[in-house]
Amino acid sequence: MIAGPARPAAGCGTGRLVPVNRTPQAHVPLDLLTADPHPVWARLRELGEVVWVPEIDGWVTVTRAAAAAVMRDARSFTVDDPRFSTSRIVGASMLSTDGAAHTAHRRPWADGFRPVAVRDRFTEALRQEIDRLLDDLAEAAEPDLRTGLAAPLATAAMAQALGLSGLEVGQVLDWYRAMVAGVDEVTRGGEPPAAALRAMAGIRHHVAHALSEPASGSVLSDAAAAGGDPAVLAADVAVLLFGGVDTAESMTAIAAHHLLSHPDALRAVAADPALLPGAVQESLRLEPAATRVDRYATADVELAGAAVRAGDLVVVSLSAANRDPAVFDDPDTFDIHRENADQHLSFAIGPHYCLGVHLTTLQTTLALTLLLERFPGIRAAGPLPPVQGFVFRKPLAVPVLLG
Ligand code: HEM
């Protein structure tokens, strides 16, 4: 797929003064991507595997093979670039480094997020939290699975991972919101806002405090015991909040949305819970919570026929990869029996493969299992608001009748 340095385009040997005609190229009105990107990706796929989109000022990969090739090749396609706005707020983290620096950031956390460790540490606490949330839903006048189940569950899971007590859960959300607003501001060309920097100071303080206490049994205290330096750990705690709150909420909300909009599938899963993990994978495939990851070319390279130049932004479209018809038959259909649904790239692939994959999958699967056990006659309360969003996608609400 990636075949060594490409011949530089005529006149582009030095700097970026001479405009380069990048091909294949397609104009994409960005609001189309917010509503429904899939017809756009299908149109781009007819032009090539990797297409220059002027509105994005970058290349977009639209096949699974091209997406995987970019994410696996951190040497040619790095995350370590000043344009990456998150690092202007949180500092260097596992999300913004490659190679040895990335390994140093990620290693202290690895054990705590392995499948067995996650199952042993989180299952019982999540079960209790879900039961409590279902009690509240049963009393709600207009139960909504996003705000009433998916969102509070995601926050509680991260609070537990980071060793924060119940009372401090609101604090997690405040930090999260201040950082999201800060990254937004920097992305639009502004300076890091004071509130975001205060949130980072709060996280650093929490980490230093956690390190001064006897081990609390949290993933954070394990990471500290594994030799993480406090300043380094603080940046990665911020990244865990970024990575683990909104996306996990979306994953549960989207999976519920898919099942409720396909009553046959919902009935099948309610009758046979062994079908649920496949349904969750299929939901991830059809609508990943995070639609893209960004990389920056470190050298001129040819990528699936496109002449990518050093410094170019390469947007890896996970949502396009997941509906590549060369890999997935009838790719736009929600099919809970699809055998290769788990070939989706919603958690990325390669060195930055999602660290929270087992925790977030446990959350969604357990939440839906207990929901269907408690309310087997659950159904959508009317037409559901669509899943939408430019980079991060979710339905605004998932209103239900509990049966
Ligand atoms: C408990 C919930 C989650 C946690 C704690 C979490 C944590 C993380 C962390 C720490 C990383 C950075 C790994 C690295 O750079 O080495 C990461 C990467 C990633 N996560 Fe997650 N995550 C969670 C849920 C999700 C969900 C639900 C999705 C999407 C369905 C997702 C998609 C991704 C993707 C696409 C990346 C790769 C980013 C990149 O390559 O630039 N994550 N996650």
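The values are calculated or read from the model by the stated rules, or taken from the named source; none is laboratory data. All values reported here derive from a predicted model rather than from experimental measurement. Here Cβ is always computed from backbone atoms with ideal geometry, including for glycine, and neighbour counts include all displayed protein chains. The area values use the complete protein model at the heavy-atom level, side chains included, leaving out ligands, DNA and RNA. Shrake-Rupley method; radii C 1.70, N 1.55, O 1.52, S 1.80 Å.
Brief remarks follow.
- Theoretical FRET efficiency, 1/(1+(r/R0)^6), r = Cβ-Cβ of Arg379 and Arg119, R0 35 Å, to 0.05: 0.70
- Among Thr147, Thr360, the order of accessible area from largest down is Thr147, Thr360, computed with a 1.4 Å probe on protein heavy atoms.
- Contact order relative to length of segment 30-376, as percent, for alpha carbon pairs under 8 angstrom and 6 or more apart: 27
- Table column - 3J(HN,Hα) (Hz), segment 235-245, Karplus curve with 6.51, -1.76, 1.60, x for Gly and Pro: 4, 6, 4, 4, 5, 5, 5, 4, x, x, 9
- Restricting segment 153-234 to trypsin sites (Lys or Arg not before Pro) that sit in a DSSP loop and have at most 12 other Cβ atoms within 10 Å of their own Cβ leaves Arg188.
- Sum of side-chain charges, Ser250 neighbourhood, beta-carbon under 10 Å (Lys, Arg +1; Asp, Glu -1): 0
- Residue with peak Gaussian network fluctuation, the chain [Cα springs, cutoff 10 Å], from Ser346, Ser85, Ser216: Ser216
- Residue ranking by accessible heavy-atom surface, 1.4 Å probe, largest first, among Leu47, Leu220 comes out as Leu47, Leu220.
- Using only side-chain charges placed at the Cβ, +1 for Lys and Arg and -1 for Asp and Glu, the dipole size of the chain relative to its Cα centre rounds to 800 debye.
- Per residue, the accessible area of the chain comes to 44 Å² when a 1.4 Å probe rolls over the protein heavy atoms.
- Inter-site label distance for Glu213 and Leu32 at 7 Å from Cα along Cβ, in nm: 5.2
- Heavy-atom accessible area for Leu173, with the other protein chains in place and a 1.4 Å probe, reaches approximately 40 Å².
- Of Val116, Val327, Val315, the order by accessible heavy-atom surface (1.4 Å probe, DNA, RNA and ligands excluded), from most exposed downward, is Val116, Val327, Val315.
- Remark: segment 111-251 carries a charge dipole of roughly 340 debye about the Cα centre, counting +1 on each Lys and Arg Cβ and -1 on each Asp and Glu Cβ.
- For Asp81, the accessible surface of its heavy atoms amounts to roughly 30 Å² (probe 1.4 Å, protein chains only, rounded to the nearest 10).
- Helical runs (DSSP H, four residues minimum) scored at -39500 (n - 2.57) apiece and divided by the length of the chain put the mean residue ellipticity at 222 nm at -15000 deg cm²/dmol.
- Taking Val51, Val169, Val62 as the candidate residues, the one with maximal mean-square fluctuation in a Gaussian network model of the chain, Cα springs under 10 Å, is Val169.
- Comparing Asp246, Asp80, Asp111 in a Gaussian network model of the chain where C-alpha atoms under 10 Å apart are linked, the largest mean-square fluctuation is found at Asp111.
- Share antiparallel - DSSP beta bridges, segment 30-376, percent rounded to 5: 80
- Length available on full extension from Glu339 to Thr187: 0.36 nm per residue minus the Cα-Cα distance, which gives 50.8 nm.
- Taking only protein heavy atoms and a 1.4 Å probe, the accessible area of the chain is 56% carbon and sulfur.
- Of the residues Leu359, Val50, Ser76, the one whose Cα sits farthest toward the positive end of the charge dipole of the chain, with +1 on the Cβ of Lys and Arg and -1 on the Cβ of Asp and Glu, is Ser76.
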